[in-house]
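Below is one structure, written out as structure tokens; comments come after it.
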Amino acid sequence: MDDTKPSSSCSSPARNSYEEGYSLDVTDEFSAVDGEVGRRLNQMVPIPHVPKINGEIPSVDEATSDHQRLLERLQLYDLVERKVQGDGNCQFRALSDQLYRTPEHHEFVRQQIIAQLKSHPEIYEGYVPMVYGEYLKKLSKLGEWGDHVTLQAAADSYGVKIFVITSFKDTCYIEILPSVQKSNRVIFLSFWAEVHYNSIYPEGDLPMADTKKKKKWWKFGNKH
């Protein structure tokens, strides 16, 4: 979620080709970093997750205030964001970064989530206020925003917990539990005002960012 109709505020790298049957393994190699983030957040009380599609985008002033609130929450726990591109794929990029330590497998992550949604409509269809087949068709396209339904499907597909620190006044921290836990990994994301997702790390443990191109990581606009 990022831009008007997905924005081209950041140019995308060359697309990877993920053939049917292609696999990327999620290992416990990064569990120590996950655990450190979790340790810093253990005094926060998460709220249960309710899958839903995206809400209304706030005004620029409201979003600016929300962003400041999010930054203050992260700073309180010595956490930092790894900013991902605002090209309509940010939820999938942030998930990819947490799972594989690179945002560049976002297309594969999207494919896994769509496969989960297609395989278990009985779980997710009730949360989607539109024809489910049309919802899946739309989400299958690169640049279409993820929502809280896709987050639940990601947790279920990968079998990992997902924790989301938000910018909302009354919701600091959302906990998304998988239907069956398959890994000790825990995914940590930030979510800013229905606008953008980023990947979260302890301060000092942020992976080296690509500094070749300095581009704006988000561009505010109307909802797609």
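In a residue-by-residue description of segment 167-178, the property of being over 24 Å from residue 68 (Cα atoms), modelled with pLDDT of 95 or more, surrounded by fewer than 20 Cβ atoms within 10 Å (Cβ to Cβ) and in contact with a Phe, Trp or Tyr (Cβ under 9 Å, 6 or more places away or on another chain) applies to at least one position.
When you go through 59, 31, 65, 119 one by one, which is the residue that is of a type in the set (S, T, N, Q) and at pLDDT 95 or above? Just a single option satisfies the conditions, and that option is 119. Would you check if residue 152 is within 14 Å of the chain's Cα centre (by Cα), buried (at least 20 other Cβ atoms within 10 Å of the Cβ), in contact (Cβ under 8 Å) with a residue 12 or more places away in the chain and closer than 23 Å to residue 208 by Cα? Considered against the rule, which asks whether it is within 14 Å of the chain's Cα centre (by Cα), buried (at least 20 other Cβ atoms within 10 Å of the Cβ), in contact (Cβ under 8 Å) with a residue 12 or more places away in the chain and closer than 23 Å to residue 208 by Cα, residue 152 comes out as no.
Screening segment 73-101 for residues that are aliphatic (A, V, I, L, M), in a helix (DSSP H, G or I) and more than 13 Å from the chain's Cα centre (by Cα) and picking the one that is nearest to residue 192 (Cα to Cα) gives 74.
Inside segment 152-208, can you point out the residues that are of a type in the set (Ser, Thr, Tyr) and assigned to a loop (DSSP other than H, G, I, E, B)?
Residues satisfying the conditions are 167, 171, 179, 183.
The values are calculated or read from the model by the stated rules, or taken from the named source; none is laboratory data. These numbers were taken from a predicted model, which means no experiment stands behind them. So basically every Cβ, Gly included, is an ideal-geometry build from the backbone, and we count neighbours across all protein chains shown.
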